[in-house]
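Reviewing the structure listed below.
The values are calculated or read from the model by the stated rules, or taken from the named source; none is laboratory data. Keep in mind it's a predicted model, so treat the numbers as computed, not measured. In this analysis, Cβ positions are derived from the backbone assuming ideal geometry, glycine residues included, and neighbour counts consider all displayed protein chains.
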Amino acid sequence: MLKTKAVFERKTDDFQPRDCVIEKVVELASQEYDAFSKNMLDDYDFIKDNIDLMYCDGEGVYHCLMVIGQDRRDGILVESEGSSYARYSSFLPNAADFLAVQQEQKPVPGVKLKDLMSISLQDIHLVHIDEEIELATMSELKSDTLTLEGREEWADVLNADVVRIFNGVYGVQVECSGVKAQRLSDFSLMLAGHCPAQDYEKWVAQEPEAPEIQMKQL
């Protein structure tokens, strides 16, 4: 028998989960958390102090706080939408376990981004360890993706350190360090085709065209 906590809705026809990004974890003392969980429409300083982190972006993704309490297993996601109270909230059972799993993700020792190209990654997103960058889906990144000129032009990005590889909101994400955030973003956008055509043709190896098959008349 397993025990947990959940919020049940009566005669619901459809659950509508939202994609969300936890921008910050706020830990309260046990009594403060208990008081907050029972009075979420009150104004709170910890919400007011983090108003800029909470919003719904153009793709409908909720950026929120995770509020947890000392010695409490569960948590609450809060998106205040510019207010000092929990205008939008979601109960997160076993939040402590969720955080523990996230923190267990270990850095990849001594691995560079170029090392991953030998295993042919597909539909990945590069993220920077310290700064948010514009994400772009790279459909493929393999050993022969770049031309010699491309490898020389993007050598700093290829030599970036791989901190971790994880499943994020947008799919498989590769977190990197040791490279400028803007360069990492520009590299992703370039491979996604968001660059001048002449640069793309110069840096990205083109697939050879299939030979035409001549049909003989009998």
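Mind counting the residues in the range 40-54 that are in a loop (DSSP other than H, G, I, E, B) and within 13 Å of V67 (Cα to Cα)?
At the first step, the residues of the range 40-54 found to be in a loop (DSSP other than H, G, I, E, B) are 40-44, 49-50, 54.
Narrowing further to those that are within 13 Å of V67 (Cα to Cα): 40, 44, 50, 54.
Selection size over the range 40-54: 4.
All but one of (1) assigned to a strand (DSSP E or B); (2) of a type outside the set (D, E, K, R); (3) over 11 Å from the mean Cα position of the chain (by Cα) hold for F187, so report the exception by its number.
For F187, the failing item is (1).
Can you name the residue in the range 154-181 that is at pLDDT below 95, not hydrophobic (A, V, I, L, M, F, W, C) and not in a loop (DSSP other than H, G, I, E, B) and is also nearest to the chain's Cα centre (by Cα) among such residues?
The selected residue is G168.
Determine which single condition G150 fails, assuming it passes every other condition in (1) surrounded by fewer than 19 Cβ atoms within 10 Å (Cβ to Cβ); (2) part of a helix (DSSP H, G or I); (3) touching a helix residue (DSSP H, G or I) at 6+ places or on another chain (Cβ under 8 Å).
(1)
State all residues of the range 3-21 that are under 28 Å from V127 (Cβ atoms) and surrounded by 10 or more Cβ atoms within 10 Å (Cβ to Cβ); if no residue qualifies, say none. Reasoning before the result, please.
If we filter the range 3-21 for residues that are under 28 Å from V127 (Cβ atoms), which is where we start, we get 16-21.
Selection gives R18, D19, C20, V21.
Which of the residues that make up the range 143-179 are more than 19 Å from D115 (Cα to Cα), in contact (Cβ under 8 Å) with a residue 12 or more places away in the chain and of a type outside the set (F, W, Y)? Break it down into steps so the answer makes sense when it comes.
Looking only at the range 143-179, we keep the residues that are more than 19 Å from D115 (Cα to Cα), and these are 167-171.
After this cut, where a residue has to be in contact (Cβ under 8 Å) with a residue 12 or more places away in the chain as well, the list is 168-171.
Within the range 143-179, G168, V169, G171 meet the criteria.
Taking the range 126-140, which residues are closer than 15 Å to D186 by Cα and at pLDDT below 90?
First, pick out the residues of the range 126-140 that are closer than 15 Å to D186 by Cα: 126-128, 131-138.
E131, E132, I133, E134, L135, A136, T137, M138, listed by residue number.
Just wondering, is there one or more residues in the range 96-110 that are in a strand (DSSP E or B) and either over 30 Å from D199 (Cβ atoms) or not polar (S, T, N, Q) (or both)?
Pass one, the range 96-110, residues in a strand (DSSP E or B): none.
No, there is no match, as no residue in the range 96-110 is in a strand (DSSP E or B) and either over 30 Å from D199 (Cβ atoms) or not polar (S, T, N, Q) (or both).
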